[in-house]
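Q: Have a look at the structure that comes next, please.
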Amino acid sequence: MTFFTRLYLYCSFKTYEVMILTLPFYYIGLAIVGIILIIGVVFLIRNYIHLCVERLTAERLELALKVKERARRIQAQYDTESIVYTHQGPKKKSRKYQKVTVLFADIQGFTRIVEQLNPEVLIDELDQLFFQFDAIVEKYGIEKIKTIGDAYMCAGGLPVKNSTNPIEVVLAALEMQQFMEELRRNKMIEHKDYWELRIGIHTGPVISGMVGRKKISFDIWGDTVNIASRMESSGMPGEINISGTTWQLVKEFFESQYRGKMPIKYKGETDMYFIKGIIPELSVDGEGKKPNELFKIKLQHIRFGDVEESVLNRLENELSEEFTYHNVKHTIDVVTQVEIIGRGEGVNEEEMLLLKTAALLHDSGFLVSYKNHEHYSMELAKEILQMYGYSDDQIEEINRLINVTRKEALPSNHLEAILKDADLDYLGRPDFIPISQNLYKEIQTFNGKMSLKEWNKKQINFIANHKYYTNTAKKLRQVKKEQQLMALKELLKEQP
């Protein structure tokens, strides 16, 4: 082997040796770079996910707050014009209410009692009495106005207007007298003097407002207040004396005894009645003392009128004109039809209440968002209906009914079938074509453009696959719906 051959082999060996020795460092470097790249990508993905979550959370929070605001506005009939700003800060303007029930309660012979009782004992017993009265009026959503000595004054139907205030105030008066009767029995057992209470009630218009500068208080004024005071002074211990006006509003719930007429200055005469108790069939065990479930359902039907007025008012004033189909008219139609179909299907009074309430609120979610509006309708129902005395079970059932109005949902019980039929009642009505055109305009606005021919094809497919679930709806609308389907097919043939 020559020198040059040995030199070549030696150099080749050294080159491979260097390559072999440096090879691990090369791969380690690649691995490090790869790890850095992976960490960078993970970091970017994490930041992106974090931003998405933050954005989604903010959107959901905004929608949740919007639901609460809409619910508050519906319940409180909120109006920013009722607030006036003074140097003392925001203050409610004086406001007139057309239907408020005022209650006056006064302890019989209080002056004589004051002379006989120790002052500390007197104040303690009076405080116990008014504390119980406060709890009773709070239970029925009645506003305490003031106490003057031994006189107690409260009013129902303000600051939030409602139609049930005459009934609720009379219920509160009955509880007050029942509490006084219990005190009387205890005092008699202890051989002590007892107090007796006169109560007077009248319903009518009042003006409310804040009075005072340093010590501001809420008060009411008007003939209604004066007449309620006269009812109290003309009453008898242990009795509830109401005016003829109030009696007309509560006579379906309470038994009464006619007392005659009382002259009112500049007003002529008014009838007077003693409330003797709740009508037996509306009371627990027929005793006339506590309202039973039937009483509560009848009361809720009256209260539904308040919910209806508030919701329809918000839909009319706050939905944009772009809602050419899902507007206040559609809601009124569904409420009307759900009652017609419900009566035809023989539902009971509580079921009718649930159906009408669900129909009223089923599209209220459009006040919050067009997308997934049924979800927000259910959220609004949870927020609103508790304020109007609906039970948790009733609200849960109403939400199940609202949920079935989703396009893809199928009814699973009789009530759901009734609401589903009422919601799509227009498919079998004579005015189907103009209503369908309104729905087409709305879809064009919110869901993107679609040709009239495409729309009519969708309508034909929808009607062909649609069916009414209740016998009443089938009798009322099925034949006409089939005629609408034929008319649409003819219309489609004429379109280019």
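Q: Taking the number of other C-beta atoms within 10 Å as the exposure measure, put Ile148, Ile167, Ile279 in order starting with the fewest. Write down the numbers at each step before the final one.
A: Numbers: Ile148 9, Ile167 24, Ile279 18.
Fewest to most other Cβ atoms nearby, the residues stand as Ile148, Ile279, Ile167.
Q: What FRET efficiency comes out for the pair Glu138/Tyr266, r = Cβ-Cβ distance, R0 = 51 Å, nearest 0.05?
A: 0.90
Q: Right, another one. Where the centre of each part is set by its Cα atoms, how far does region 181-197 sit from region 438-496, in angstrom?
A: 73 Å
Q: Continuing with this model, one more query. Would you list Trp247, Trp221, Trp195 from fewest to most Cβ contacts within 10 Å? Can you show the working numbers first?
A: Working: Trp247 21, Trp221 13, Trp195 18.
Fewest-to-most Cβ neighbours within 10 Å comes out as Trp221, Trp195, Trp247.
Q: Can you find, among Leu380, Ser310, His362, the residue farthest towards the positive end of the dipole of region 297-494? Put +1 on the C-beta of Lys and Arg, -1 on that of Asp and Glu.
A: Going by the Cα projections, it comes out as His362.
Q: Which pairs break 24 Å Cα to Cα here: Lys139/Lys215; Lys267/Lys298; Lys161/Lys296; Lys382/Lys481; Lys96/Lys289?
A: Details: Lys139/Lys215 27 Å; Lys267/Lys298 32 Å; Lys161/Lys296 19 Å; Lys382/Lys481 35 Å; Lys96/Lys289 34 Å.
Cα-Cα > 24 Å for Lys139/Lys215; Lys267/Lys298; Lys382/Lys481; Lys96/Lys289; rest within.
Q: Moving on. Please work out whether region 354-496 counts as rounded, prolate or oblate from its C-alpha gyration tensor, where a ≥ b ≥ c are the square roots of the eigenvalues and a/c under 1.5 means rounded, while otherwise a/b larger than b/c means prolate and anything else oblate?
A: On the way: a/c = 2.93, a/b = 1.62, b/c = 1.82.
Judged from the Cα gyration tensor, region 354-496 comes out oblate (a/c at least 1.5, b/c at or above a/b).
Q: Please give me, ordered by residue number, the chymotrypsin sites (Phe, Trp or Tyr not before Pro) of region 258-300 that lie in loop per DSSP and have at most 12 other Cβ atoms within 10 Å. Don't jump to the answer; show the numbers that get you there.
A: On the way: sites: Tyr258, Tyr266, Tyr273, Phe274, Phe295; in loops: Tyr266.
Sparse-neighbourhood loop chymotrypsin sites (Phe, Trp or Tyr not before Pro): Tyr266.
Q: Still on this structure, please answer the following. Would you please name the trypsin sites (Lys or Arg not before Pro) within region 267-302 that are DSSP coil residues with at most 14 other C-beta atoms within 10 Å of their C-beta? Let's see the in-between values first.
A: Values: sites: Lys267, Lys276, Lys289, Lys296, Lys298; in loops: Lys267, Lys289.
Listed in order of number, the matching sites are Lys267, Lys289.
Q: Can you classify region 130-214 as rounded, prolate or oblate using the Cα gyration tensor, where a ≥ b ≥ c are the square roots of its eigenvalues, rounded means a/c under 1.5, and otherwise it's prolate if a/b beats b/c and oblate if not? Can you show the working numbers first?
A: Values: a/c = 2.72, a/b = 1.74, b/c = 1.56.
Prolate is the answer for region 130-214, as a/c is 1.5 or above and a/b outweighs b/c.
Q: Could I ask something else about it? When we measure straight from the Cα of Lys457, which aspartates and glutamates land under 16 angstrom away, once same-chain ones fewer than 8 places off are left out?
A: Answer for Lys457, where 16 Å is the Cα cut-off: Glu482, Glu490, Glu494, listed by chain and number.
Q: Give the calculated FRET efficiency between Lys441 and Glu482 to the nearest 0.05, with a Förster radius of 25 Å applied to their Cβ-Cβ distance. It would help to have the intermediate numbers written out before the result.
A: On the way: r = 25 Å, r/R0 = 1.02.
After rounding to 0.05, the efficiency reads 0.50.
Q: Further, regarding this structure: Any aspartates and glutamates with Cα under 16 Å of the Lys251 Cα? List them, leaving off those in the same chain fewer than 8 positions away.
A: The reachable aspartates and glutamates, counting only those whose Cα sits under 16 Å from Lys251, are Glu168, Asp271, Glu281.
Q: List His301, His191 from most exposed to least, where exposure is judged by having the fewest other Cβ atoms within 10 Å. It would help to have the intermediate numbers written out before the result.
A: Values: His301 15, His191 6.
Placing the least packed residue first, the sequence is His191, His301.
Q: Classify region 83-291 as rounded, prolate or oblate, taking a ≥ b ≥ c as the square roots of the eigenvalues of its Cα gyration tensor: rounded when a/c is under 1.5, otherwise prolate if a/b is larger than b/c and oblate if not. Please report the intermediate quantities before stating the final value.
A: Working: a/c = 1.65, a/b = 1.17, b/c = 1.41.
Cα axes put region 83-291 in the oblate bin.
Q: Near Lys420, which aspartates and glutamates are there with a Cα under 16 Å away, not counting those fewer than 8 places off in the same chain?
A: Asp333, Glu339, Glu345, Glu351, Asp363, Glu374, Glu397, Glu408
Q: Still on this structure: Grab the Cα-Cα distance for Asn471 and Lys458, subtract it from 0.36 nm times how many residues apart they are, and report the gain in nm with one decimal.
A: The span from Asn471 to Lys458 would gain 2.1 nm if fully extended.
Q: Measure off 7 Å from each Cα along the Cα-to-Cβ vector at Asp223 and Thr147, then give the distance between these two points in nanometres to one decimal.
A: Here the modelled spin labels are 3.2 nm apart.
No lab work stands behind these numbers, since they all come straight from the coordinates. Everything numeric here is computed off the predicted structure, so don't read it as measured data. Please note: Cβ atoms are built from the backbone with ideal geometry, for glycine as well, and neighbour counts cover all protein chains shown.
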